[in-house]
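Please treat every number below as a calculation from the coordinates, not as lab data. From a predicted model like this one, the values you see are computed outputs, not experimental measurements. When we count neighbours, we look across all protein chains shown, and the Cβ atoms used for this are built from the backbone with ideal geometry, even at glycine.
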Amino acid sequence: MTALQIRSMPPDLHEWLARTAEEQHRSINQQALVMLKMARQQLESSETLPEPNNGLPGIGAIEPKDVIQKRIEENRSRLSSVFAEIQELNKRTGYVYPDHLPSPAEMIREDRDR
């Protein structure tokens, strides 16, 4: 059976999960599985998705793929315009990347070799 490890869980969420598990006479792991199964059933049987701040501490809404894809495209567009602004600024100021500095690829390679 596969395992799931959750890192950086907010303390209030962990306390809430532990308290809920104790109330249901389950381990934290069992309670988490039960809640994941319930959330899955709710999401699969519903056309609408939960609203943000749906009563679960630290958990917001799950968004449809088209909304997520639109946000990704908007972020890429903003990122492209930022890079274009940087390149334009470099051209106007005459900035040239110094030859004596390693490229990002070289720095990554050097870090991996350590």
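The label point for Trp16 and the one for Arg114, both projected 7 Å from the Cα toward the Cβ, are 3.8 nm apart. Note on Tyr95 and Ser8: the extension gain reaches 27.3 nm, defined as 0.36 nm multiplied by sequence separation minus the Cα-Cα distance. The ranking of Lys91, Lys70 by Cβ neighbour count inside 10 Å, starting from the fewest, reads Lys91, Lys70. Taking each residue as 0.36 nm, the span from Asp66 to Ser80 lengthens on full extension beyond its C-alpha to C-alpha distance by 3.0 nm. Counting charges near Leu33 (Lys, Arg +1; Asp, Glu -1) among other residues having Cβ under 15 Å from its Cβ returns a value of +3. Using only alpha-carbon positions in the stretch 65-113, the gyration tensor eigenvalues give semi-axes of 29, 21, 4 Å once each is multiplied by 5 and square-rooted (largest first).
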